[in-house]
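Presented below is the structure to which this report refers.
The values are calculated or read from the model by the stated rules, or taken from the named source; none is laboratory data. Just so we're clear, the structure is a prediction, and the values are computed from it rather than from any experiment. Quick reminder, even Gly has a Cβ in these numbers, built from the backbone with ideal geometry, and neighbours come from all protein chains shown.
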Amino acid sequence: MRIIAGEYGGRPLKGIVSGETRPTTDKIKESMFNLIGPYFDGGLVLDLYSGTGALGIEAVSRGADEAYLVDTDPSAIESINNNIGITKDEEKFFVYRMPASKALTTFLHKQIKFDLVFLDPPYGSEALIDDVQWMIVNELLKIGALVVCETDADFEMPEHIGPLRLYKQKKYGQTLVTIYEQESMDE
């Protein structure tokens, strides 16, 4: 596992010693970033079920300003912190050890809005759709924001979630990557 491109490209990332987390493979990560745009011109990133932190770190490496990384597993938090250390830009990352729902409430109170969100909850989790709907209702997404959902290939993702419309979708073996784009709140 490594950072694929950008400022930190080629640096190795450490995995997690826990069986609870399944990191996004480098192949899927590279394809995912090719789908959403290989490089960014700033913006805030949320990696809600962060695991190793690889997706948020990759986004900052490719030009995002900051990443907010959330997980509950102590092993994941340790891995995230180790991987952030590899970047030597620790000030660009904010790590939260708490449930997703509590983190979202924290971001609401801090009035943080995101340009890019990664959601990769444990497969079979219905929390993904609930989390997206909560972010929409509480306006945590900027207009034009992208929400990238990683699920089991058999998981049915809707065409729309409120003002989010399905932008791109691709299967990689047993993994389905679904990307939504935030439209105007009036639509």
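The residues in the range 40-95 that are under 14 Å from Leu116 (Cα atoms) and of a type in the set (Asp, Glu) can be counted, and the count is 5. Out of all the residues in the range 161-171, is one or more under 23 Å from Tyr68 (Cα atoms) and of a type in the set (A, V, I, L, M, F, W, C)? Yes: one or more hits. Among the residues of the range 106-113, not a single one is closer than 24 Å to Thr25 by Cα and either of a type in the set (D, E, K, R) or in contact with a Leu (Cβ under 9 Å, 6 or more places away or on another chain) (or both). Checking Phe93, Phe114 one by one, the residue that is modelled with pLDDT of 95 or more, within 20 Å of Gly144 (Cα to Cα), touching a helix residue (DSSP H, G or I) at 6+ places or on another chain (Cβ under 9 Å) and of a type outside the set (Lys, Arg) is Phe114 and no other.
Which residue out of Leu141, Leu164, Leu108, Leu128 is under 27 Å from Phe93 (Cβ atoms), in contact with a helix residue (DSSP H, G or I) (Cβ under 6 Å, 6 or more places away or on another chain) and of a type in the set (A, V, I, L, M)?
Leu141
The residue that is surrounded by the fewest Cβ atoms within 10 Å (Cβ to Cβ), among those in the range 57-101 that are of a type in the set (S, T, N, Q) and farther than 17 Å from Arg2 by Cβ, is Ser101.
Looking at the range 133-168 only, could you name the residues that are closer than 13 Å to Leu116 by Cα, surrounded by fewer than 16 Cβ atoms within 10 Å (Cβ to Cβ) and among the small types (Gly, Ala, Ser)? Once the filter is applied, which keeps residues that are closer than 13 Å to Leu116 by Cα, surrounded by fewer than 16 Cβ atoms within 10 Å (Cβ to Cβ) and among the small types (Gly, Ala, Ser), the range 133-168 yields only Gly144. When the residues of the range 1-29 are filtered to those that are modelled with pLDDT under 90 and either among the aliphatic types (A, V, I, L, M) or out of contact with any helix residue (DSSP H, G or I) (no Cβ under 9 Å at 6 or more places or on another chain) (or both), the one that is farthest from Ile179 (Cα to Cα) is Val17. Does Ser61 satisfy being closer than 16 Å to Ile179 by Cβ and polar (S, T, N, Q)? Taking the combined requirement at face value, the residue does not satisfy it.
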